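What follows is a short report on a single structure.
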Amino acid sequence: MPTEQREPRRLLFVRLSAVGDVINTLPALEVLRSSFPDAHIGYVIEDRAYSAIEGHPSIDRVHLYPRKRWVAMFNRPQYWLLLFREIRAFFRELRGQGYEIALNYQSNLKGALFALLSGAPLRAGFAKGNSKESSYLFNHIKVSPEGGELINRVDKFISLSEAIGARRDGAAYRLPDTPECRQRVEQWRSDSGPSRYVVIHPGTSDYGAQKRWMPERFAELAKRIGSELGLKPVITWGPGEKELAEGIVQDSDNQAIIAMKTEHLLDLAEIIRGAVLYVGCDSGPLHLSSATGTPSVALFGPKDPRTYAPWNPRSRVVQKGENRGEMADITVDDVMESVKSLLAEIEQAADLNSVH
């Protein structure tokens, strides 16, 4: 933002999905909020990722895009008229907010269309080579982050906030405060949960199936963490993953226990927050571990960790092969080595803190 231009008063933050990416926009959101404390910030998001920002203190207004509902209506012609009316009302309300700048953190055509239809006179997004589906053509401010597509996603999102004059020194994860989630997890830990535990999250979305590690290896890892390190492995799970988690518990010779059912994404955040360590594949819960500040061991297959690794200095990445690794190539020994190394680092840091 040019120095002679006043600070923006009304900003629209466009990041529709997915859960992990929404979590990774939170430092960029904090950059905006800390730099422009008096600005009104709106956030456009899909229903599937809404729980990641519901009640967030840095957001003044959430514009919830009911994707699931609209897709269902689109597939039933008798609802087309109602669908048209709902879409028109949604964008009429969005335009009525008087946003001055729309920032497309989605960096694809869908995000660009939401920014365009918001009516904001100035649109910022990523330049050619850093965006998809020619969405850069819709941007007045085109951002080319230093490092290009190999930059960590969090740093990429922050660079877009910086492009309108925000200061990076406010960058940090901040999750919504959810006392009800905290209370549920505290009750679970009081009733049946362990005091010192390692979270193991074996699942990924169906879209990310190629990023999954084998359940039998997770079970062997849990068995070794329990028997060799004296920590209780807790197997967390999401919708449709309970059977997977139960199988891992059983095959771990019951060294592991299954986590409580999470009613809300931030229930999972609170379980992870209380852990000594998090172990999982490249998925949304991995980035949730960064948001809670929990040390993590991240298992990577085909994705490049330079882009998708946890934005967390207390993390280890396990990948076999150059950038295009295969999950099957990662052994239990590989993961245990990283777990032990990271735990030793944590204990050393704790010892140093106790001296000072």
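The values are calculated or read from the model by the stated rules, or taken from the named source; none is laboratory data. All values derive from a computational prediction rather than experimental measurement. Positions of Cβ are generated from backbone atoms using ideal geometry, with glycine treated the same way; all protein chains shown enter the neighbour counts.
Things worth noting here:
- Candidates are the residues of segment 44-98 that are in contact with a Leu (Cβ under 9 Å, 6 or more places away or on another chain) and among the β-branched types (Val, Ile, Thr); the one that is nearest to VAL14 (Cα to Cα) is VAL44.
- Boolean, TYR136 is assigned to a helix (DSSP H, G or I) and either in the same structural domain as ARG61 (by TED's automatic domain parsing) or surrounded by fewer than 17 Cβ atoms within 10 Å (Cβ to Cβ) (or both): yes
- Single condition PRO194 does not satisfy, out of (1) surrounded by 13 or more Cβ atoms within 10 Å (Cβ to Cβ); (2) under 23 Å from PRO310 (Cα atoms); (3) in the same structural domain as ASP304 (by TED's automatic domain parsing): (2)
- A single entry from LYS242, LYS223, LYS261 fulfils the requirement of being outside the structural domain of ALA49 (by TED's automatic domain parsing) and in contact with a Phe, Trp or Tyr (Cβ under 9 Å, 6 or more places away or on another chain): LYS261.
- If you go through segment 94-113 and pick out every residue that is under 29 Å from the mean Cα position of the chain (by Cα) and not in a helix (DSSP H, G or I), you end up with 12.
- Test: residue in segment 139-162 that is farther than 22 Å from SER290 by Cα, aromatic (Phe, Trp, Tyr), in contact with a Leu (Cβ under 9 Å, 6 or more places away or on another chain) and surrounded by 18 or more Cβ atoms within 10 Å (Cβ to Cβ): no
A quick yes/no check of all residues on (1) in contact (Cβ under 8 Å) with a residue 24 or more places away in the chain; (2) under 25 Å from PRO145 (Cα atoms); (3) in contact with a Ser or Thr (Cβ under 9 Å, 6 or more places away or on another chain); (4) not basic (Lys, Arg):
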site: THR292; (1), (2), (3), (4): yes, no, no, yes
site: ALA298; (1), (2), (3), (4): no, yes, yes, yes
site: PRO302; (1), (2), (3), (4): yes, yes, no, yes
site: THR307; (1), (2), (3), (4): yes, yes, no, yes
site: PRO313; (1), (2), (3), (4): no, yes, no, yes
site: VAL318; (1), (2), (3), (4): no, no, yes, yes
site: ALA328; (1), (2), (3), (4): yes, no, no, yes
site: ASP333; (1), (2), (3), (4): no, no, no, yes
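- Top-ranked residue in segment 229-239 [being under 22 Å from ASP333 (Cβ atoms) and out of contact with any strand residue (DSSP E or B) (no Cβ under 7 Å at 6 or more places or on another chain); ranked as surrounded by the most Cβ atoms within 10 Å (Cβ to Cβ)]: LEU229
- Residue satisfying condition, being surrounded by fewer than 18 Cβ atoms within 10 Å (Cβ to Cβ) and part of a helix (DSSP H, G or I), within set ARG189, ARG174: ARG189
- Search result, residues across segment 240-282 that are more than 24 Å from VAL332 (Cα to Cα) and of a type in the set (Ser, Thr, Tyr): THR262
- Looking across segment 139-171, just one residue is among the acidic types (Asp, Glu), closer than 16 Å to LYS128 by Cα and part of a helix (DSSP H, G or I), and that is GLU149.
- The sole residue among ALA18, ALA28, ALA39 that is among the aliphatic types (A, V, I, L, M), closer than 28 Å to GLY293 by Cα and at pLDDT below 95 is ALA18.
- Scan of segment 33-64 for residues that are hydroxyl-bearing (Ser, Thr, Tyr) and under 18 Å from GLY98 (Cα atoms), ordered by number: TYR43
- Filtered by the rule that a residue be among the charged types (D, E, K, R), farther than 25 Å from ALA269 by Cβ and touching a helix residue (DSSP H, G or I) at 6+ places or on another chain (Cβ under 8 Å), segment 295-338 gives ASP304, ARG306, LYS320.
- The residue of segment 114-131 that is nearest to HIS40 (Cα to Cα), among those that are assigned to a loop (DSSP other than H, G, I, E, B), touching a helix residue (DSSP H, G or I) at 6+ places or on another chain (Cβ under 7 Å) and not small (Gly, Ala, Ser), is ASN130.
- Of the residues examined, SER195 is one that is polar (S, T, N, Q) and more than 24 Å from TYR50 (Cα to Cα).
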